[in-house]
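K.L.:
Just dropping this structure here.
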Amino acid sequence: MIRTIPAVEEMQKTAATLKQDGKTIGLVPTMGYFHEGHLSLMRRSVEDNDVTIVTLFVNPTQFGQNEDLDAYPRDFERDKNMAEEAGVDYIFRPANDDMYPGGYKTYVKVEDWSSLLCGASRPVHFRGVTTICCKLFNICRPDRAYFGLKDAQQYLVLQKMVRDLNMNLELVPMPIVREGDGLAMSSRNVYLTRAERGAAVLLSRSLAEAKEKISGGETDAESIKRGIRDRLNSSEHVKIDYVEAVSTETLDPVSDVAAGTLIAVAAYLGKARLIDNIII
Ligand code: AMP
């Protein structure tokens, strides 16, 4: 039976007991509204660890003022059943004022990297992500935490935080799970109208074309990015936020694409802001 833990204190006590008993803990932080992407992380954690904790928290500090915090899709009963089916042991589902009580003041921020790529159009986002993950790591005391590479910058920023602050856990990056036509699964895909859903496939398709060019010997980042932009601009439904090629080591833009280059795109389709990427 999966157990739901609604309060920070109870989660801390439970995690402390699990550690005392010598159990390894796998953590899967999420904002809920599960799809196969989330489930792939949960299944892997269940395989790797004695106990798996999934956290379900729509974290207000990682949303900007004009973003979709209130509209973000939620369905706890469905999520709980899916997590149970995946073999998860605990769902930690704290209230906002338990995580951020009145007078809350402390934030964790990875300098510079938090302002690049998605951080340019979402200035508070990564500070919110690193802060909530730091708190979740302290509360749940995982040996391993699982993150999807759909959010590649999120993984890289969190990995930086873990190394810089000597946090004692392993982050496990997991491959992007896609729909049949290639669209990266996302809770935000429910915002798409039929026409936008049709156009959304251009994100993965433009990246797949880039990958093919690179396999064929192309290394010029400008030319690869231009190809992606042209493909995305072929639909009136797609408004590009960015198309970038950066080093996964430094997040600096590269002029030549090579092993370890992250090619990332973000675009608005109506109300939805979608992201996708490939790592060479
Ligand atoms: P979210 O609930 O959107 O914050 O996502 C929770 C975790 O699931 C994050 O580590 C995401 O990167 C991961 N995730 C979301 N979508 C996918 C996907 N399509 N494939 C793999 N992982 C994903």
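Values in this text are rule-based calculations from the coordinates and carry no lab data. Since the model is a prediction, treat every value here as computed from it, not as a measurement. Methodologically, a virtual Cβ is constructed for each residue, glycine included, from the backbone with ideal geometry; neighbour enumeration extends over all protein chains shown.
K.L.:
How large is the dipole of the range 3-174 about the Cα centre if only Lys and Arg carry +1 and Asp and Glu carry -1, each at its Cβ, rounded to the nearest 20 debye?
P.N.:
On the way: 20 positive and 24 negative charges, 79 e Å.
That gives the range 3-174 a dipole magnitude of about 380 debye.
K.L.:
Same structure, new question: Which of the aspartates and glutamates could be linked to Lys19 by a straight reach, that is with a Cα gap under 17 Å, when you skip same-chain ones fewer than 8 residues away?
P.N.:
Straight-distance partners of Lys19: Glu9, Glu10, Asp48, Asp50, Asp89, Asp143, Glu170.
K.L.:
Let me ask something additional. Take the chain, mark every one of the GluC sites (Glu not before Pro) that falls in a DSSP loop and has at most 13 other Cβ within 10 Å, then report the longest stretch left between them, sites excluded. Intermediate values should be presented prior to the final figure.
P.N.:
On the way: sites that count: Glu111, Glu236, Glu249.
Between exposed loop sites, the widest span is 112-235.
K.L.:
Hey, another quick one. Pick out, from Ser204, Ser223, Leu269, the residue whose Cα sits farthest towards the positive end of the charge dipole of the range 186-280, with +1 on the Cβ of Lys and Arg and -1 on the Cβ of Asp and Glu.
P.N.:
Leu269
K.L.:
So what is the calculated 222 nm ellipticity per residue for the chain, using -39500 (n - 2.57) for each DSSP H run with n of 4 or more, over all residues, to the nearest 500 deg cm²/dmol? Could the numbers behind the result be given before it?
P.N.:
Details: 9 runs with 107 residues, N = 280.
That comes out to -12000 deg cm²/dmol.
K.L.:
Roughly how big is the range 187-279's charge dipole about its Cα centre, with Cβ charges of +1 (Lys, Arg) and -1 (Asp, Glu), in debye to the nearest 20? Don't jump to the answer; show the numbers that get you there.
P.N.:
On the way: 13 positive and 14 negative charges, 129 e Å.
In total the dipole reaches around 620 debye.
K.L.:
While we're on this one: For the range 177-280, what mean projected area does the convex hull of the alpha carbons give, in nm²? All intermediate terms of the calculation are to be shown ahead of the outcome.
P.N.:
On the way: hull surface 25.4 nm².
Taking the Cα atoms of the range 177-280, their convex hull projects to 6.3 nm² on average.
K.L.:
Also, quick follow-up: When the chain is fully extended, how far beyond the present Cα-Cα distance does Asp112 get from Asn138, taking 0.36 nm per residue of separation?
P.N.:
On the way: separation 26, 0.36 × 26 = 9.36 nm, distance 2.42 nm.
Gain on stretching Asp112 to Asn138: 6.9 nm.
K.L.:
Could you work out which residue, out of Val257, Val190, Val110, moves most in a Gaussian network model of the chain, that is, has the largest mean-square fluctuation with Cα springs under 10 Å?
P.N.:
Val190
K.L.:
Measuring from centroid to centroid over Cα atoms, what is the spacing of the range 206-257 and the range 34-74 in Å?
P.N.:
About 28 Å separates the Cα centre of the range 206-257 from the one of the range 34-74.
K.L.:
Right, another one. Considering only the chain, what is the antiparallel percent among its DSSP beta bridges, to the nearest 5? Working shown, then result.
P.N.:
On the way: 19 of 38 bridges.
Expressed as a percentage, antiparallel bridges in the chain total about 50.
K.L.:
Would you mind giving the three semi-axes, in whole Å and largest first, of the ellipsoid equivalent to the chain according to its Cα gyration tensor? Could you put the intermediate results ahead of the total?
P.N.:
Values: eigenvalues 212, 82, 68 Å².
Working from the Cα gyration tensor, I get semi-axes of 33, 20, 18 Å.
K.L.:
Please give every one of the lysines within straight-line cross-link reach of Lys239, meaning a C-alpha to C-alpha distance under 28 Å, and leave out same-chain neighbours fewer than 8 residues apart.
P.N.:
Filter leaves Lys150, Lys211, Lys213, Lys225, Lys271.
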